[in-house]
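Presented below is the structure to which this report refers.
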Amino acid sequence: MREMATKDKACTTHDNIPQDLIDSYASRHSITEKMDEAERRVWDSLDDEDRRMIQSDRVYYGTNYGTGCGPGDEYVSFRDVIGIRQFD
């Protein structure tokens, strides 16, 4: 799980999603609220850049900003991002 959480595995690029959208999404959908203990340990071990890229991927897949489809504001969990990264 730790390997898939690093920024090198991100589906988005550093400048793909504006920071204000990342911050807005993260304030509406806390990433830690649905984490289990193992996920929380991995999250706590990540540096700021790894965390930013996970949040960026959450915006991409959870809103219609990135994908252009869907209802536009769905909760994407840490585990969802890790799973998506394995196949994207």
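Sorting the segments 78-86, 39-47 by their mean number of nearby beta carbons within 10 angstrom, highest to lowest, gives 78-86, 39-47. Using the Karplus relation 6.51 cos²θ - 1.76 cosθ + 1.60 with θ = phi - 60°, the per-residue 3J(HN,Hα) values for the range 20-27 come to 5, 5, 4, 5, 5, 4, 4, 6 Hz, with x marking Gly and Pro.
Subtracting the Cα-Cα distance of Arg40 and Gln86 from 0.36 nm times their residue separation leaves 14.6 nm of extension gain.
Rounded to the nearest 20 debye, the dipole size of the chain about its Cα centre is 160 debye, using +1 on the Cβ of Lys and Arg and -1 on the Cβ of Asp and Glu.
Can you give the calculated 222 nm mean residue ellipticity of the chain, where each DSSP H run of n ≥ 4 adds -39,500 (n - 2.57) and the sum is split over every residue, rounded to the nearest 500 deg cm²/dmol?
Only helices count here, giving -15000 deg cm²/dmol.
On the chain, 46 percent of the accessible area sits on carbon and sulfur atoms, based on a 1.4 Å probe.
One equal scatterer on each Cα of the range 1-49, no solvent, Debye formula: the resulting log10 I(q)/I(0) at q = 0.19, 0.22, 0.30, 0.31 Å⁻¹ is -0.77, -1.00, -1.21, -1.20.
For the chain, the per residue solvent-accessible surface stands at 57 Å², with DNA, RNA and ligands left out and a 1.4 Å probe. With distances taken between every two different alpha-carbon atoms, the chain has a Kirkwood hydrodynamic radius of 12.8 Å.
The values are calculated or read from the model by the stated rules, or taken from the named source; none is laboratory data. All of these numbers come straight from a predicted model, not from anything done at the bench. Quick reminder, even Gly has a Cβ in these numbers, built from the backbone with ideal geometry, and neighbours come from all protein chains shown. Only protein heavy atoms, including side chains, enter the accessible area calculation; ligands, DNA and RNA are left aside. Shrake-Rupley method; radii C 1.70, N 1.55, O 1.52, S 1.80 Å.
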